[in-house]
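Each remark here refers to the structure printed beneath this line.
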Amino acid sequence: MKMHHSTMSRRTFMKVLGLGGATAGAATLASPVIFHDLDEVMASPLAERKLPFWAKESDKPTVEIDWERMQRFDGTQTVFNPPSYGKAIGKEEEERLRKIGGLFGEGGYGRLIKENKPGNRHRDFAMSLGARFFQHPDRYAKWKPFLGPQLAPTPEQLGIPKYEGKPEENSRMVTAALKFYGAATVGMVELDENTRKLFYAHDAFDKKEVLFSDVDEPQETDTQRVIPNKANWVIVFSVRMAPANIARAPYPASQATVGLAYAEGAIIANRLQEFLRALGYHCMAESNILGSLANSGGFGVMAGIGELSRLNRLITPEYGPIVRVFKVVTDLPLAPTKPINAGIWEFCRTCKKCAEACPSKTLSMSDPTWEIKGFWNNPGVKAYYEDAPKCLTYWRESGGSCIICFAVCPFTKQDRSFMHAFIQKTIATTPVFNGMFRQMDDAFGYGKLKDPESWWDLDLPPFGYDSSSRS
Amino acid sequence: MWWFLFGLLLGAGILPLAFWMHARKVRTTWYEWIMGIISLILIVLLVQHFVGSIAEEESRAAWMAVLFLGIPAVVLGVLAVRLPYQRQIRNRA
C-alpha cells in the first residue's frame, strides 16, 4: 500500500476547504492554551513540528547528560579519522588490516569483487561508489563535468576485469542505479547516424566543438569535446520538480524547484559517471546542465521518456511536463527503450491551454508545422515551434522566469484523485473526448495559479514531491 | 490503511442491513440492488476524489465532484431505499 506524505498543513487544508474561519473558533475552544487567533496558534512551536503520535516532546533527553563533566572534544580524536584509529588499535594491527584491505581500502573492494559473492558483486560496489560522489566535498575542488569526477577506482586500478553483461541486464542495472541516485524515469537510445544529429555541434555556453572520433578515451581540450565512436548509447533520465512549487509560477517558488531539479540532475549524472567508471566504462555528461551536449526533448522522445508537446518540450505520462530531462553518453552496451504514445501529442492539438496562458504569447496556437520560427529552431521535426525570444524577453522584463505553461498544462496533475489516471487512460485511447476533457479541466478549476505566500505553510516532503507517487 | 478501515466499516454496515431486510421480509428487485451498488460506488469515488483534490490544493475540483458524483449518488441511493420501502407499505395496506 502506498503511504502518502501529507503535503499541507492543517491551516492550508482548512483554507483550501474554505473552512478556515470555522476552525479558528473550534481551535480556540478546544485548546487548553490561550491563543488569540489561528495565526498565533500556527506560529507556536507546537504547530511547527510534526511528530508521530507515539512520540512526545519532553524537557530533557532520554539519555542522561552531565554538562559539568563535558568539555569541547577534539575532532581529530574521532575514530573514523585514520590516525586516531591507528592510535586506538595499535600500529601492528592497523598495518595487518591495511594489508588485507580494511573497511574502505581499494584492495578490499578488489578482493571482494573477485570473490563475486551475492551482495558483494562488481555492480554492488560500483553502485555504492557512485552514490558516494560528493560525500567528501573537499575532494572535488575542480573537475570537468564532461569527463566526470574520476575519483572512483577503475577495475584496472583494482586489478579486476571490467564488468560484462548483456545489454538488457545492463539497462536494468543502470535504471536501478539511476533511480536510487534520484532519477524519476530512465530510457536508453542506441546512436545511429540519425540520432547523432540530436547532439549539438557546439556547446551552447562555452562554444566548444562536440565531436565523435575513433579514439579510445573521451577527451576535452580548450576548443573541443571528443566522444569516442564506441560510446554508442545515450542514457536519458528525468528528475522531478515539485508540483506545489510549479503551481506558484512565475514566482521564485517555481524557479526554486526548476533550479533544484537542474542541480540534482547534474549531481545524478556525476554519480552515474562514477558508477560506470567503477564498472570500467566511460560516461560523458553535460558541462552545463542547461543543455550543452544534446537536445533534451529529442532524446527524451527517442528514449520514450515522454512525447513532444505544444510546449515544444517533453510531456511525460507519469509527471506531465514537470520534470527536467538529462542525458549522458556511454560505451556500456544497452538495450534501447522505444518511443511512446500516451495520447499527449494528439491532446495538445485540441487543448492549447498552455498557449492561451502564455503571458508572452511565445507558444504556438497553430497546428504542428515543418516551418521553423527562427534560427533558434532546428528543422526536421513537424512541431509546435515556439517564438522563443519572446519567452526570454518576458523573463528579463519580469525579473525572473515563468513556467506558467507547465503549471496550467492539464497533464500537470498529481495522483491523489482516481480521476486523473482514468482520464489519462481515456486520452491515450479515445482522442474524441479530448475537447471535452479540456473543458472539464477548466470547469474543475485546474491550472489556476496558487498564492505564492501560502507555499510557506505547506508541509512538503523532501524535494517537494512524494517519491512514492506522482504527488 | 484508511481505505482498509473504510472497507471494514462499509462491510460492517452492509451486513446488518442485509440481516435486517431479511428479518423484516423486505423484498427488493434486481434493479434496486444495482442502483444501490452504483450509488455506493459513486459515494466511494466521491470521497476519494474529494480528499485527494483537497490534498492537491484543488478545492474547486473537489466541490465540482460533489455536483457530478454526489447528486447522482444521492438520487440513486434514495431510489434504492425508497422503492422497496414504498412497496412494503403498499403490501401491508
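Since every read-out is calculated from the coordinates, none of them should be taken as a lab result. None of the values given here were measured: they were computed from a predicted structure. Cβ: placed from backbone, ideal geometry, glycine included. Neighbour counts: every protein chain shown.
3J(HN,Hα) couplings calculated from phi for segment B:15-30 with the Karplus curve 6.51 cos²θ - 1.76 cosθ + 1.60 (θ = phi - 60°) are, in sequence order, 4, x, 4, 4, 4, 4, 5, 5, 5, 8, 6, 7, 8, 10, 9, 5 Hz; Gly and Pro show x. For the pair residue A:63 and residue B:66, label points projected 7 Å from Cα toward Cβ lie 5.1 nm apart.
Once chain A is represented by equal point scatterers at the alpha-carbon sites, with solvent omitted, what log10 I(q)/I(0) does the Debye formula produce at q = 0.07, 0.09, 0.12 Å⁻¹? Log-scaled intensity ratios, in q order: -0.48, -0.77, -1.16.
Length gained on full extension, residue A:202 to residue A:85: 37.1 nm, using 0.36 nm per residue less the C-alpha separation. For residue A:212, the amide hydrogen comes within under 5 Å of the amide hydrogens of A:227, counting only partners 5 or more places away or on other chains and with H modelled in the peptide plane. Shape of segment A:405-471 from the C-alpha gyration tensor: oblate (a/c of 1.5 or more and a/b not above b/c, with a ≥ b ≥ c the square roots of its eigenvalues). Please give me the summed charge of the neighbours of residue A:296: other residues whose Cβ is under 9 Å from its Cβ, Lys and Arg +1, Asp and Glu -1. After counting each charged neighbour, the total is +3. Considering only Cα atoms, the convex hull volume of segment A:358-471 works out to 170 Å³ per residue. Using equal-weight Cα scatterers in the Debye expression, the normalised intensity of segment A:266-393 in log10 at q = 0.11, 0.23 Å⁻¹ is -0.46, -1.44. Applying the Karplus relation 6.51 cos²θ - 1.76 cosθ + 1.60 with θ = phi - 60° to segment A:389-404 yields 3J(HN,Hα) values of x, 4, 4, 5, 4, 4, 4, 4, 5, 8, x, x, 10, 9, 6, 4 Hz, where x marks Gly and Pro. Shown here are the Rg and Dmax of the Cα trace of segment A:183-321, at 15.8, 48 Å. Annotation: aspartates and glutamates with alpha-carbon distance below 15 angstrom to residue A:230 (same-chain offsets under eight excluded): A:190, A:192, A:193, A:214, A:216, A:217, A:331. Please compare each pair in A:142/A:327; A:327/A:450; A:338/A:361; A:361/A:425 to a cut-off of 24 Å on the Cα-Cα distance and tell me which ones are over it. With Cα atoms farther than 24 Å apart: A:327/A:450; A:338/A:361; A:361/A:425.
With bins 5 Å wide beginning at 0, the percent of Cα pairs of segment A:181-243 falling in each bin runs 4, 15, 20, 20, 18, 15, 6, 2, 0. Using the Cβ-Cβ distance between residue A:341 and residue A:371 with R0 set to 25 Å, the FRET efficiency works out to roughly 0.55. For chain A, A:283, A:348, A:351, A:358, A:391, A:402, A:409 have no disulfide-compatible partner, since no other Cys C-beta lies under 4.7 Å from theirs. Volume per residue for segment B:27-92 equals 61 cubic angstrom (convex hull of Cα atoms). Magnitude of the charge dipole for segment B:27-92, about its Cα centre and with charges confined to Cβ atoms of Lys, Arg (+1) and Asp, Glu (-1), is about 700 debye.
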